[in-house]
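Inspection log for the structure reproduced underneath, given as structure tokens.
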Amino acid sequence: MARVLFISGVVAVAFVIYTIVDVLLTDKRRVRALNKPLWILLVVVVPVIGGLLWLAIGKARKGSGGDVRRVAPDDDPNFLSGLSAREDQDERIRRLEQELADLDDDPPNN
């Protein structure tokens, strides 16, 4: 019986440490319900239940953020403006390569 209690205590302490580190490393935009210091306080005061609450309701999952909106590349204005800039760069590179090729074709002046 003592072994079970000891192992349960070690697991609980490890879980609390994991939860505190997770709260500290989570981006503040993904924290829900309470702010980070209150979550840490809750995890410390009510160790296992606080950690379970943090994992269940305190931390928004990746990609489930309300302000994050996925847009297809052909609908994204930033991506489309980057394409025109890339086309301009490609055209400039083609012109420069042509000018270099023309310079290489000129006979040397002696």
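Which one of Leu80, Leu53, Leu96 has the biggest mean-square fluctuation once the chain is modelled by GNM with Cα springs under 10 Å? Sorting by GNM fluctuation, first place goes to Leu96.
Stokes-Einstein, applied to the Kirkwood radius of the chain over Cα pairs at a viscosity of 1.002 mPa s and 20 °C, places its translational diffusion at 111 µm² s⁻¹. Take the Cα of Asp75, step 7 Å toward its Cβ, do the same at Lys36, and the gap between the two points is 3.3 nm. Computed from backbone phi with θ = phi - 60° and the Karplus coefficients 6.51, -1.76 and 1.60, the 3J(HN,Hα) list for segment 22-31 is 5, 4, 5, 8, 6, 4, 5, 6, 9, 8 Hz; x is used for glycine and proline. Each residue of segment 89-95 is assigned a 3J(HN,Hα), and the resulting list reads 5, 4, 5, 4, 5, 4, 5 Hz, derived from the Karplus form 6.51 cos²θ - 1.76 cosθ + 1.60 (θ = phi - 60°), x at Gly and Pro.
The helix-based estimate of mean residue ellipticity at 222 nm for the chain, built from -39,500 (n - 2.57) per DSSP H run of four or more residues and divided by its residue count, is -21500 deg cm²/dmol to the nearest 500. Accessible surface of the chain, 1.4 Å probe: 61 percent of it comes from carbon and sulfur atoms. Rounded to the nearest 10 degrees, what's the angle between the helix 36-45 long axis and the longest principal axis of the chain, both from Cα atoms, 0 to 90? That helix lies at roughly 30 degrees to the long axis. Here the Karplus relation 6.51 cos²θ - 1.76 cosθ + 1.60, evaluated at θ = phi - 60°, turns the backbone of segment 74-87 into coupling constants of 6, 9, 8, x, 5, 5, 5, 5, x, 5, 5, 5, 5, 5 Hz, with x for every Gly and Pro. Principal axis analysis of the Cα atoms in segment 1-43 yields extents of 43, 15, 12 Å, listed in decreasing size. Between Lys59 and Arg32, the built amide H atoms are under 5 Å apart, and every one of these is 5 or more places off in sequence or on another chain. Here the Gaussian network model covers the chain, with springs between Cα atoms less than 10 Å apart; of Asp76, Asp88, Asp27, Asp88 fluctuates the most. Surface analysis of the chain yields an accessible area of 83 Å² per residue, using protein heavy atoms and a 1.4 Å probe.
The values are calculated or read from the model by the stated rules, or taken from the named source; none is laboratory data. In this text, all values refer to a predicted model and were calculated from it rather than measured experimentally. Note: ideal-geometry Cβ built from the backbone for every residue, glycine included; neighbour counts use all protein chains shown. The accessibility values were calculated without ligands, DNA or RNA, using every heavy atom of the protein model including side chains. Shrake-Rupley method; radii C 1.70, N 1.55, O 1.52, S 1.80 Å.
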